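Undergrad: Below you will find the structure I want to go over with you.
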Amino acid sequence: MAITAPRGTQDVAPSDSYKWQFVERTVLETAALFGFREIRTPTFEQIELFQRGVGNTTDVVQKEMFEVKGQKGKDIFALKPEGTAGVVRAALENGFLNDALPLKVCYVTPCFRHERPQAGRLREFHQFGCEAFGSKSPYADVELISLVDHILKLFGVKNISLNINSIGCKTCRAEYHAALQAYFAQYKDQLCDTCLERLDKNPMRILDCKSPTCGEIAENAPVVTDYLCDECKAHFTAVKRGLTKLGIAYVVNPKIVRGLDYYTKTVFEFVSSEIGAQGTVVGGGRYDGLVEELGGKPAPALGFAMGIERFLLLFDAQGIELPKPSVCDLYIGSIGIPAGEKAMEIADKLRTEGFSVQFDIMDRSVKAQMKYANKLGAKMSMILGDNELVTGKAQIKDMATGEQKEIDFENELVNVLYDAALAAEADALAGQLGEDAFKRIMQLGNEKTE
Ligand code: ATP
Ligand code: MG
């Protein structure tokens with residue numbers, strides 16, 4: 001029987017991987033503009049890290065974790081269900097927090113959660129995440145949200161709404177928890193089993209329940225923002241003021257909770273109604289208690305994670321196309337062994353100049369070679385035979401227009417390809433991404449080549 005991929009996983013086809021490469025590069029480069037540098041942490045960690053770092057009472061830890069047994073079953077690891085816990089562990093273990101603060105790091109990582117697979121919900125998915133440590137200033141919250149906003153604008157994403165909320169600190173949360181418990185206790189006979197458990201340990205998570213009955217009950221529950229202490233209230237006001245100053249539209253949504261003890265103050269989500277039921281593309285917030293929870297000296301921190309699969313779904317829904325790189329700038333066809341060897345030699349030389357060039361390695365007839373060049377989407381083609389080897393001249397053909405011209409293929413090819421590639425790339429980028437994004441990406445390209 002044929003072996004199939006595990007449920008809830010996806011292959012990225014060679015014809016689609018350019019989208020992933022473009023998105024990953026662009027988000028990391030945008031994060032760099034905000035001072036975030038990439039960090040890479042292991043795909044698996046000691047299970048205890050997630051039990052403490054994500055929280056024992058969360059669905060992610062209780063129901064969704066992929067456990068991995070070490071040899072002889074001695075050590076128990078887990079595949080990372082999210083990126084933050086590993087980053088905090090790495091920062092503490094390597095002493096990153098002893099350096100100049102703030103520490104700003106970002107990553108693109110696979111994540112694993114044993115959930116029921118459906119559109120926008122996978123068992124292996126990918127997150128782009130950013131974490132900032134050391135700042136308790138509301139400017140840090142605004143800057144982080146603004147980074148997401150920049151990315152969305154860069155790709156031309158529309159109709160995505162930013163929901164924000166403040167869930168307070170330890171002090172004000174205690175009073176709010178008591179109010180929630182008193183409220184939900186009246187509906188004990190109607191709450192789902194999971195929410196009954198939450199009632200004691202973590203009543204805020206009831207607000208997040210997906211069951212319709214619990215949702216209805218939660219409609220009239222006390223609202224956290226009514227319970228904020230003066231400091232939390234001032235922080236939230238400053239965050240909202242900052243967003244307004246930067247022209248970032250938001251709605252305050254008291255239903256957004258991140259239910260863990262170490263989440264504090266600001267929480268936010270970017271939600272779309274165009275990609276089905278799993279509409280949250282980005283989730284983030286402050287977690288001022290987490291560093292301490294994982295054994296470090298208390299340090300304020302905040303971060304977000306964007307689901308890359310959902311981000312790509314959004315592009316499909318909104319018809320956003322990403323620039324497709326050229327698979328083949330030039331196909332060199334050949335007839336006979338000497339011409340075949342020449343084609344190989346020229347291809348090799350042009351590749352050192354940065355062009356994608358292909359020649360026949362299938363021993364095909366020249367007609368079949370050209371058919372393949374067409375299928376590849378080669379931008380230009382050239383055919384070498386004995387005659388061309390003698391004269392040093394060949395016809396180069398623009399595959400889109402059919403135009404041909406004779407060139408000295410030893411000396412003129414690089415310039416011809418360079419002009420064509422530059423023109424095509426500029427067209428593609430400008431057409432697909434809008435002028436601002438285009439300018440910025442060209443600028444990034446230039447910086448790199450300088
Ligand atoms: P949801 O409410 O959709 O389950 P979550 O609160 O579990 O999301 P987070 O832990 O905040 O999600 O993860 C951040 C982002 O990662 C989400 O906003 C989403 O874009 C993405 N994400 C989370 N779980 C999955 C999954 N199983 N498949 C694909 N993307 C996911
Ligand atoms: Mg989830």
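Undergrad: Let's test this: bin the Cα-Cα distances of segment 1-149 at 10 Å from zero up to the farthest pair and state each bin's percent.
TA: The distribution over segment 1-149 is 10, 32, 36, 18, 3, 0, given as percents.
Undergrad: Whole number please: convex hull volume per residue, Cα atoms of segment 145-225, in Å³.
TA: It comes to 123 Å³ per residue, whole-number rounded.
Undergrad: With a 10 Å cut-off between alpha carbons and a GNM built on the chain, which of Val87, Val224, Val252 moves the most?
TA: Val252
Undergrad: Out of all DSSP beta bridges with both ends in the chain, state the antiparallel percent to the nearest 5.
TA: 80 percent
Undergrad: Taking every pair of alpha-carbon atoms in segment 296-365, give the share separated by more than 21 Å as a whole percent.
TA: On the way: 1401 of 2415 pairs.
The proportion of pairs with Cα distances above 21 Å equals 58 percent.
Undergrad: Per the Kirkwood definition applied to all pairs of different Cα atoms, how many angstroms is the hydrodynamic radius of segment 304-414?
TA: Numbers: mean 1/r = 0.0640 Å⁻¹.
Evaluated on segment 304-414, it is 15.6 Å.
Undergrad: Okay, next question. Considering only DSSP beta bridges with both partners in segment 1-153, what is the antiparallel share in %, to the nearest 5?
TA: The antiparallel proportion sits near 90 percent.
Undergrad: Continuing with this model, one more query. Calculate for the chain the 222 nm mean residue ellipticity that helices alone would give, adding -39,500 (n - 2.57) per DSSP H run of length 4 or more and normalising by residue count, nearest 500 deg cm²/dmol.
TA: Calculated mean residue ellipticity at 222 nm is -13000 deg cm²/dmol.
Undergrad: Here is a follow-up. Among residues other than Ile145 whose Cβ falls under 11 Å from its Cβ, what is the net charge (Lys/Arg +1, Asp/Glu -1)?
TA: Local net charge: -3.
Undergrad: Compute the FRET efficiency between Tyr183 and Thr43 as 1/(1 + (r/R0)^6), taking r as their Cβ-Cβ distance and R0 = 35 Å, and round to the nearest 0.05.
TA: FRET efficiency, Tyr183 to Thr43: 0.25.
Undergrad: At 4 °C and 1.567 mPa s, what whole-number value in µm²/s does Stokes-Einstein give for the translational diffusion of segment 91-190, with Rh from the Kirkwood sum over Cα pairs?
TA: The calculation lands on 72 µm²/s.
Undergrad: How many percent of all Cα-Cα pairs in segment 217-306 sit more than 21 Å apart?
TA: It works out to 40 percent of all Cα pairs.
Undergrad: Now for a different question. Here is the link list: Lys342/Lys393; Lys19/Lys63; Lys153/Lys324; Lys349/Lys379; Lys19/Lys136. Which ones come out longer than 24 Å on Cα distance?
TA: Beyond 24 Å between Cα atoms: Lys19/Lys63; Lys19/Lys136.
Undergrad: Which value, in Å to one decimal place, does the Kirkwood hydrodynamic radius take for the chain when every pair of different Cα atoms is included?
TA: Working: mean 1/r = 0.0395 Å⁻¹.
The Cα-based Kirkwood calculation yields 25.3 Å.
Undergrad: Taking Cα pairs under 8 Å and at least six residues apart, what relative contact order does the chain come out at, in percent?
TA: Here the relative contact order equals 14 percent.
Undergrad: If one computes the Cα centroid of segment 250-283 and of segment 285-308, what distance in Å separates the two points?
TA: 16 Å
Undergrad: Another question about this same structure. For the ranges 128-139, 59-70, 43-54, what's the packing order if you count other beta-carbon atoms within 10 Å of each residue, average per peptide, and put the highest first?
TA: Final packing ranking: 128-139, 43-54, 59-70.
Undergrad: May I ask you to list the trypsin sites (Lys or Arg not before Pro) in segment 158-188 that are in a DSSP loop and have at most 15 other Cβ atoms within 10 Å of their Cβ?
TA: Those satisfying the criteria are Lys158, Lys188.
Undergrad: Still on this structure, I have one more. Over segment 153-288, what portion of Cα pair distances is larger than 24 Å, expressed as a whole percent?
TA: Across segment 153-288, Cα pairs with separations above 24 Å total 34 percent.
Undergrad: Where does the Debye-calculated log10 I(q)/I(0) of segment 244-360 sit at q = 0.16 Å⁻¹, using only Cα point scatterers of equal weight, no solvent?
TA: Each listed q maps to, in turn, -0.87.
Undergrad: What angle do you read, to the nearest 10 degrees and between 0 and 90, between the alpha-carbon axis of helix 308-317 and the longest principal axis of the chain?
TA: Once rounded, one gets 70 degrees.
Undergrad: Then there is this: May I ask for the net charge around Val88, where only other residues with Cβ less than 14 Å from the Cβ of Val88 are counted and Lys, Arg are +1 while Asp, Glu are -1? Walk me through the intermediate numbers first.
TA: Working: positive: Arg52, Lys80, Arg89, Lys104, Arg286, Lys297; negative: Glu45, Glu48, Glu82, Glu93, Glu131, Asp288, Glu292, Glu293.
Result for the local shell: -2.
Undergrad: Now a separate question. Taking the square root of 5 times each eigenvalue of the Cα gyration tensor, what semi-axes in Å does the equivalent ellipsoid of segment 29-110 have, largest first?
TA: Numbers: eigenvalues 139, 38, 29 Å².
Ellipsoid half-lengths, sorted descending, are 26, 14, 12 Å.
Undergrad: Calculate, in nm to one decimal, what Lys153 and Gln62 gain on full extension: separation in residues at 0.36 nm each, minus their alpha carbon distance.
TA: 29.1 nm
Undergrad: Now for a different question. Roughly how many nanometres apart are two label points built 7 Å out from the Cα toward the Cβ at Arg364 and Asp193?
TA: Distance between label points: 6.0 nm.
Undergrad: Could you give the Stokes-Einstein D for segment 107-160 in µm² per second, using the C-alpha Kirkwood radius, 20 °C, 1.002 mPa s? It would help to have the intermediate numbers written out before the result.
TA: Numbers: Rh = 13.7 Å.
Reported coefficient: 157 µm²/s.
Undergrad: Over segment 154-299, calculate the relative contact order: mean separation of alpha carbon pairs under 8 Å at least 6 apart, over the residue count, as a percent. Working shown, then result.
TA: Details: 218 pairs, mean separation 48.9, N = 146.
Here the relative contact order equals 33 percent.
Laboratory data are not the source of any read-out in this text; all were calculated from the coordinates shown. On a predicted model such as this, the values are computed, not experimentally measured, just so you know. Ideal geometry is used to build each Cβ from the backbone, glycine not excepted, and the neighbour counts take in all protein chains shown.
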